1. Among (1) modelled with pLDDT of 90 or more; (2) buried (at least 18 other Cβ atoms within 10 Å of the Cβ), there is one condition A:Asn175 misses while meeting the rest; what is its number?
2. Go through the residues of region B:67-88 one by one and say whether even a single one is more than 29 Å from B:Trp158 (Cα to Cα) and of a type outside the set (A, V, I, L, M, F, W, C).
3. For region A:245-263, indicate whether the set of residues that are at pLDDT 85 or above, under 15 Å from the mean Cα position of the chain (by Cα) and over 26 Å from B:Leu125 (Cβ atoms) is non-empty.
4. Name the helices (runs of 4 or more DSSP H) wholly within region B:1-107 that hold at least 2 residues that are closer than 30 Å to A:Phe72 by Cα?
5. Do you know which of the residues in region B:108-123 that are farther than 13 Å from B:Lys28 by Cα, free of Cβ contacts under 8 Å to residues at least 60 places away in the same chain and not in a loop (DSSP other than H, G, I, E, B) is most open to solvent (accessible area, probe 1.4 Å)?
6. When A:Tyr82 is evaluated against the numbered criteria (1) surrounded by 14 or more Cβ atoms within 10 Å (Cβ to Cβ); (2) modelled with pLDDT of 95 or more, which criterion, by number, is the only one it fails?
7. Would you check which residues across region B:1-22 are more than 12 Å from chain A (Cβ to nearest Cβ) and surrounded by fewer than 16 Cβ atoms within 10 Å (Cβ to Cβ) and list them?
8. Inspect region A:101-115 for any residue being farther than 17 Å from A:Asp18 by Cβ, buried (at least 17 other Cβ atoms within 10 Å of the Cβ) and within 14 Å of chain B (Cβ to nearest Cβ) and give the result as yes or no.
Amino acid sequence: MKFNTNFPYPVLHPENDDYMDSNFESDLSIRPEFGVVKISTNFHLQNRGLDELVRNELAAFTVHIQCPLTSFRQLYETTEDYLEISIEKEKLRGRIFAHAFLVAKEPIENYRNDLLNAWYGDLEISYQKGSILAIGDSVESTMLEDHTDLMNLPAIISVRKSLDADVMDVEMLSNTIVISLPTYEYNQYAANALSRLKNSILTSIILPSLVQIFSSIKDNAGDYEEYTWYQVLQKIFEASNYSLEEVGTERLSPLKAAQLVLRRPLKASFEEIEKLNRMED
Amino acid sequence: MKIKFLSEETLLDLRTNYSSYKTHYYRKDNNWFDEYFKGEGRVLESQIEFELPPFHFEENYSESDRKNVKQIYESLKHLTVTQATQERLWSGLAHLQMQDYVFYRLKKELINKNDKRINTAFFFLSGNKRSLFVHILARLWWVGYMTYDSKNASNPYWLTDFFTEKDFSARSVIFFSSNFTSNRNITIGILKALYKINHELDHIKRDHFVQATKYLNKVGGALILDMLTEEDVEKMIDKQLRKHFELPDRVGVL
């Protein structure tokens, strides 16, 4: 969830120089805990003028929480320097976003602040109720269902029989990636998937499918990021110090990415074939 | 009775092989569906009790949609929102316990073999969030949930009645696809403003909904709209729509 950082009025934010010698920091964290999701943060504000607005209750420290899938969207506010929020887990599913802000609680006319950049000079500044005065950090977390194994690739890929297709196909618009095989191929897959050639069979089906998936992700990530398979793949890549967004760049081609995820599938297949040949000799 | 839902395997099979099964849908072939769902592990029973809603089957969908939003929401108000985002639950109800309603509501699409709509009506094929307002059953529950005004004890469905009185399908998707309408104060505030203008103009059009959400998207870039009360949002939208559609200012208290 992206918020605008360009405003027609001064906002304290590390990426601009609207204020001098000032700072606003927060340390948001999101953690699931026995049926609730706890979101907490400290607020550190270093700017006397803005601090006075908080003390006079014209502004408040806030945390904005949004979970698009369950249509959950709430702003929590305090004038203290610490805020802890508990949300029942059953209200959240998929991705949740938390942002910390300092926000105007009431309209503020003729705003003055000694630490404003000289650029603002004698400009008359006013804020509406809801205007952002300072921007803190933001965090994102994914609430997966309990039965979803976070790092388990087979849990997010399903191989199915297609009764009318004559070639293999991949469907990505659901929480699980569905690979459809024509009837004969599927029956062979089902009969031999646990045989001595299981790695070779998996490589011939999963590897090209992942290449297609990773090629598609590059330009269409926005269409997929809500799905469980995308979120699981994201975690798999993060665990190996890559990011899913890098797939399709020079550093990480779709073919390389697919082989990394499957952990050198060609090697496993050839070792299997070599072993089988040795047994036949 | 308890809600029945589809196993993941069954859901994937029906989705993947729709083109092979589609003639059974066109023919509303109950025998085939009964046989299919008898297969072991195809249907699972949840622990969620419910009463089958007394659906309305009028020829005029704008009449029945309005009533059925209330019927389904009353019957399944106890679902948690996470349960209500599950494809297996809605697809299960559409194929099993609420199939009669689905076949009634898809009468034209089944006759015309409109595979695209039949698919999006039974399954979540429009993205997880959007599907909630496109799926033939989920959209009834979600519009009920989003428009229910618990502060109005005598008629909590007054905004539901207004929202569903016309253009239900398009309104639901346009209005609830916006991120802002996830906030209850914002949703109720906009609907109250639209409701009042609707009374003045006799009937508002789709463009009034479009302009209201468009305006919020614009101001939402500079403001945290969630800081506003229901009344703040109502005033803001009222002012903007009057300006945009050149309507006279309202006299007196909102």
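1. Of the numbered conditions (1) modelled with pLDDT of 90 or more; (2) buried (at least 18 other Cβ atoms within 10 Å of the Cβ), the odd one out for A:Asn175 is (1).
2. yes
3. yes
4. Numbers: elements: B:8-16, B:18-26, B:30-38, B:61-75, B:87-95, B:99-105.
Result: B:8-16, B:61-75, B:87-95, B:99-105.
5. Out of the qualifying residues, it is B:Lys116.
6. Evaluating A:Tyr82 over (1) surrounded by 14 or more Cβ atoms within 10 Å (Cβ to Cβ); (2) modelled with pLDDT of 95 or more leaves (1) as the failure.
7. Across region B:1-22, the qualifying residues are B:Met1, B:Lys2.
8. Scanning region A:101-115, I find at least one residue that is farther than 17 Å from A:Asp18 by Cβ, buried (at least 17 other Cβ atoms within 10 Å of the Cβ) and within 14 Å of chain B (Cβ to nearest Cβ), so the answer is yes.
The values are calculated or read from the model by the stated rules, or taken from the named source; none is laboratory data. Here the structure is a predicted model, which is why all the values come from computation and not from measurement. Virtual Cβ from ideal backbone geometry, glycine too; neighbours counted across all protein chains shown. Accessible surface areas use protein heavy atoms only, side chains included; no ligands, DNA or RNA. Shrake-Rupley method; radii C 1.70, N 1.55, O 1.52, S 1.80 Å.
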